[in-house]
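The values are calculated or read from the model by the stated rules, or taken from the named source; none is laboratory data. The shown structure was predicted, so the numbers you read here are calculated from the model rather than taken from an experiment. Methodologically, a virtual Cβ is constructed for each residue, glycine included, from the backbone with ideal geometry; neighbour enumeration extends over all protein chains shown.
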Amino acid sequence: MKKVVIMGSSGSIGRAALDVIRKFPDKFEVAALCVNSNTELLKLQIAEFHPKIVAVGDPAMADKLAKELNYSVECLRGTEGSAIIARECSYDIFVGAMMGFAGLAPTIEAIKRGKRVALANKETLVVAGELVTALCEQYNAEMIPVDSEHSALFQCMLGEKIEEVEKLIITASGGPFFTATRAELEAVTIAQALNHPTWKMGSKITIDSATLMNKGLEVIEAHWLFKFPISKIEVVVHPQSIIHSMVQFIDGSIKAQLSVPDMHLPIQLALSYPERFAADHVKTNFPALQSFSFFEPDFKKFECLGLAFDVIREGGTAPCILNAANEIAVAGFLRGDINFLKIPYIVHRALDNFEIISNPCLEDIYACDLAARRFAESLIN
């Protein structure tokens, strides 16, 4: 029986992870849950899965929940609460599904304890990839990706020699605006941007998918997860979203991982690895699919994707600046304060504004993140 901590249990990844645990009650149990503010859903999860401890990012909501629970479950508050769970709770697997930069601190705590980290929080590797991967080696922590694209790469490289891999090919759906003109992007509404053609996700990641920033973040994540130079990572638009990623080898052969779009599959593998458990997920029906199509991404129209490639070449704190400015810009767009094309503009301005620190320590990264956020907010205001 493996004990599981889920950071971000109210989000789409967290809920899917609980679905997997629900199907395998003899394999997994919930040790702790963490949400930002959705305590109504958390209460239902507590009633079903009986964790001994939970954390709520919003301090006021945490205090309110603690009183409602009559302190039958330990309820921690604020950003430190999730870090305390990662650092002190008894568990085997850490599911990192918190959104954004907030997921970094608890993930590092889990790594320092040598736990298996089922990573869905791509920002952890985007902003601190060099530090995080070094810590995994130092503490012998196992990091298994949950993103469908990185899970696909992980599966394709199982049993293969790294030196025989020529390149990694990450697929992208293209989002809702792949065929849109630049002029049409100027007039994009929030509702249109939130209408992803394939996946049902939280609002922030859905906007990132619309700008292709999400794919750029995945490129950076793949660079650190698999220790591949950016020159050997390629993005291909595949609107059907059946092929999740591919690995090309030096002899020209290619391995691909295929399945219908369903996040339960990579989550279940991250929990069960090295085993595969039988499951009743929807299976892929090839005759019904009829055809696959592939396109090159338009780096001029989707500037965020190009910026992501740029920052990994630059290294240091550049990815941290990109991530922080993007989080603020996306929040500004979702509030209606800026238009869609202002998102890459703000990220670009932030990257131009700061001097990049090479080989940053963790304190440098936190300071850089804060400064970039303040600068991005000043552009919006």
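One table, with the values for the structure above:
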item: Residues within region 134-153 that are without any contact (Cβ under 8 Å) to a residue 60 or more places away in the chain and under 24 Å from Leu265 (Cβ atoms), tallied; result: 3
item: Flag for Ser37 being in the same structural domain as Val126 (by TED's automatic domain parsing), among the polar types (S, T, N, Q) and within 24 Å of the chain's Cα centre (by Cα); result: yes
item: 1 or more residues surrounded by fewer than 15 Cβ atoms within 10 Å (Cβ to Cβ) and of a type outside the set (Phe, Trp, Tyr): qualifying strands (runs of 3 or more DSSP E) within region 233-281; result: 254-258
item: Filtered residue count, region 54-75, keeping only those that are surrounded by fewer than 20 Cβ atoms within 10 Å (Cβ to Cβ) and closer than 21 Å to Gly96 by Cα; result: 3
item: Region 104-133, residues that are closer than 22 Å to Leu265 by Cα and small (Gly, Ala, Ser); result: Ala118, Ala120
item: Every residue from region 277-311 that is of a type in the set (Phe, Trp, Tyr) and touching a helix residue (DSSP H, G or I) at 6+ places or on another chain (Cβ under 7 Å); result: Phe277, Phe299, Phe302, Phe309
item: Number of positions in region 119-137 that are in a helix (DSSP H, G or I) and more than 16 Å from Lys227 (Cα to Cα); result: 1
item: Which listed residue, of Val247, Val237, Val260, is within 26 Å of Phe340 (Cβ to Cβ) and over 16 Å from the mean Cα position of the chain (by Cα); result: Val237
item: Residue within region 224-231 that is of a type in the set (D, E, K, R), surrounded by fewer than 23 Cβ atoms within 10 Å (Cβ to Cβ) and touching a strand residue (DSSP E or B) at 6+ places or on another chain (Cβ under 8 Å) present; result: no
item: Which listed residue, of Phe295, Phe302, Phe309, Phe375, is aromatic (Phe, Trp, Tyr) and within 19 Å of Trp224 (Cα to Cα); result: Phe309
item: Which numbered condition Gly174 fails, given (1) touching a helix residue (DSSP H, G or I) at 6+ places or on another chain (Cβ under 7 Å); (2) among the small types (Gly, Ala, Ser); (3) closer than 24 Å to Lys301 by Cβ; result: (1)
item: Helices (runs of 4 or more DSSP H) (entirely within region 283-381) containing at least 3 residues that are in contact (Cβ under 8 Å) with a residue 12 or more places away in the chain and either in contact with a Cys (Cβ under 9 Å, 6 or more places away or on another chain) or surrounded by 18 or more Cβ atoms within 10 Å (Cβ to Cβ) (or both); result: 303-314, 318-335, 342-353, 362-380
item: Residues (under 22 Å from the mean Cα position of the chain (by Cα) and assigned to a strand (DSSP E or B)) located in region 141-197; result: Glu142, Met143, Ile144, Pro145, Lys167, Leu168, Ile169, Ile170, Thr171, Ala172
item: Complete set of residues in region 76-101 that are surrounded by fewer than 19 Cβ atoms within 10 Å (Cβ to Cβ) and either aromatic (Phe, Trp, Tyr) or under 20 Å from the mean Cα position of the chain (by Cα) (or both); result: Thr79
